[in-house]
1. Given a cut-off of under 8 Å on Cα pairs at least six residues apart, what relative contact order in percent is computed for the chain?
2. For a test of the definition: using alpha carbon positions, the gyration tensor, and the 1.5 limit on a/c, classify the stretch 1-94 as rounded, prolate or oblate.
3. Which is the longest part of the chain that has none of the trypsin sites (Lys or Arg not before Pro) sitting in a DSSP loop with at most 14 other Cβ atoms within 10 Å?
4. Distance in nm between label sites at Glu127 and Asp36, each 7 Å beyond Cα in the beta-carbon direction?
5. Where Lys and Arg each count +1 and Asp and Glu each count -1, what net charge lies around Met115 among other residues with Cβ under 12 Å from its Cβ?
6. Most exposed first by the Cβ proxy, i.e. fewest other Cβ within 10 Å, how do His41, His9, His129, His170 rank?
7. In a Gaussian network model over the chain where Cα atoms closer than 10 Å are linked, find which of Val18, Val81, Val137 has the largest mean-square fluctuation.
8. Please find the FRET efficiency linking Glu117 to Lys79, where r is the Cβ-Cβ separation and R0 is fixed at 25 Å, and quote it to the nearest 0.05.
Amino acid sequence: MKMAVGCDHIVTEIKDDVVKYLKKKGIEVIDCGTYDKERTHYPIYGKRVGEKVSTGEVDLGIVLCGTGVGITNACNKIKNVRCVLTQDVCVARYAREELNANVLGFGGRVSGMGMIEDLIDAFLKTEYHPTPEKDAVIEAINGLIQHDPACGKEDLFDDLLEKWDRGEYHD
Ligand code: RB5
């Protein structure tokens, strides 16, 4: 099992704990960053994790930001990604089994590490139970993606980061 993990600067230390937890379970991890507390922007890391899942470079992903909302939204914009934001083990299990969720998202400022570990365990222990109907819905969801030529660009958020540096951008 290979997983990609990503976060913004708000929750770097929690992401590091998640990476340690996964490695302790024998999972190979690609840490997509961010790696320190320097101010950055969550879509960059949602996109990075989503792309690794989408291309099949990893089996599953985990993303986290302060609330989990921003980074899961960004991740879900990548084709083939089905990212679930939850604080509930039952939802983590259902999302995997019925909806074939392939990225798990948390709010690092909302959920504690104990809960996060339980959510990861539930997500990883559960397998997708495919049916032609569920697969057809997933295919239809993929069809919703609107292709934007800017999509593949790594520097997509550079202008926002620069505004932040100049003190012009607040979230
Ligand atoms: C900080 O950028 C904060 O907005 C982010 O961590 C997250 O909480 C968004 O959902």
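Laboratory data are not the source of any read-out in this text; all were calculated from the coordinates shown. Source: prediction; values computed, not measured. Reconstructed Cβ throughout: ideal geometry from the backbone, glycine too, with neighbour counts over all protein chains shown.
1. Rounded, it is 20 percent for the chain.
2. Taking the square roots of the gyration eigenvalues as a ≥ b ≥ c, the stretch 1-94 is rounded.
3. My reading of the result: 40-108 is the longest stretch.
4. 4.4
5. Around Met115, the charge tally is -4.
6. Details: His41 22, His9 19, His129 10, His170 6.
If I rank by nearby Cβ atoms, fewest first, I get His170, His129, His9, His41.
7. Taking springs between Cα atoms under 10 Å, the residue moving most is Val137.
8. Details: r = 30 Å, r/R0 = 1.19.
E(calc), rounded to 0.05, equals 0.25.
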